[in-house]
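Asks: Structure provided below as structure tokens; questions to follow.
Where a number appears in this text, it was derived from the coordinates with a stated rule and is not lab data. All values derive from a computational prediction rather than experimental measurement. Counting neighbours? That spans all protein chains shown, and the Cβs are built from the backbone with ideal geometry, glycine included.
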Amino acid sequence: MRISIDKDVCIGAGQCALTAPAVFTQDDDGFSELLPGREDGAGDPLVREAARACPVGAVTVHDG
Ligand code: SF4
């Protein structure tokens, strides 16, 4: 699994970090970023939930 965040689309709603706090955080401007070493989701089942929770669809989960 690989996670990507489209920072051009992210509006800083924070739903991803609230939903999967072990993987997502927010940078100083409030935009989503992945925690260091969590680019592969670290097997966290909440990652897909976080992608669904994003109101603007900025989080994409790539399988494989
Ligand atoms: S939920 Fe979506 S819009 Fe909100 S911070 Fe996360 S990626 Fe950005």
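Asks: May I ask for the equivalent-ellipsoid semi-axes of the chain, computed as the square root of five times each C-alpha gyration tensor eigenvalue and listed largest first in whole Å?
Replies: Each semi-axis is the square root of five times an eigenvalue, giving 16, 12, 11 Å.
Asks: Hey, another quick one. Please give the charge dipole size of the chain, origin at the Cα centre, charges +1 on K and R Cβ atoms and -1 on D and E Cβ atoms. Round to the nearest 20 debye.
Replies: Roughly 220 debye for the chain.
Asks: Using helices alone, I'd like the mean residue ellipticity at 222 nm for the chain: each DSSP H run of four-plus residues gives -39500 (n - 2.57), total over residue count, nearest 500.
Replies: -5000 deg cm²/dmol
Asks: For segment 2-57, what does the relative contact order come out to in percent, with C-alpha contacts under 8 Å and a separation of six or more?
Replies: The normalised contact order for segment 2-57 reaches 41 percent.
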